1. So how exposed is ARG63, as accessible area in Å² (1.4 Å probe, rounded to 10)?
2. Net charge within 15 Å of GLU34 by Cβ-Cβ distance, Lys/Arg positive one each and Asp/Glu negative one each, not counting GLU34 itself?
3. So how exposed is SER70, as accessible area in Å² (1.4 Å probe, rounded to 10)?
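The values are calculated or read from the model by the stated rules, or taken from the named source; none is laboratory data. Please read all numbers here as calculations on a predicted model, not as lab measurements. We place every Cβ from the backbone using ideal geometry, glycine too, and count neighbours over all the protein chains shown. Keep in mind that these areas ignore ligands, DNA and RNA; they rest on the heavy atoms of the full protein, side chains included. Shrake-Rupley method; radii C 1.70, N 1.55, O 1.52, S 1.80 Å.
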Amino acid sequence: MKTSKQMMAEIIDKATTDMEFRSRLLDDPASALEGEFGVTVPENLNIRVHEEDSNTAHVVLPRRNRLSDSEAASVSGGSGWDTW
């Protein structure tokens with residue numbers, strides 16, 4: 001099973017090299033991820049994709065009390081989204 005960091009790297013790589021996927025990812029992230037990677041995005045999971053430009057800086061803070069990838073892998077249950 002891929003870690004969230006590994007999956008994120010694949011998504012970014014794909015969006016950097018495939019402009020059609022990038023456009024779909026910006027317009028409808030869940031559908032783009034489901035179609036391209038075969039993952040099921042839970043309905044209660046909001047995905048926001050931001051595209052950098054020369055006038056904008058994005059800072060993404062981790063959620064509070066987040067488990068590490070190894071801790072999350074040892075916990076059963078949940079959506080599985082964080083430990084693809």
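1. The accessible area comes out at roughly 140 Å².
2. Numbers: positive: LYS14, ARG24; negative: GLU10, ASP27, ASP28, GLU36, GLU43.
Taking every other residue near GLU34 into account, the sum is -3.
3. Estimated to the nearest 10 Å², SER70 gives 90 Å².
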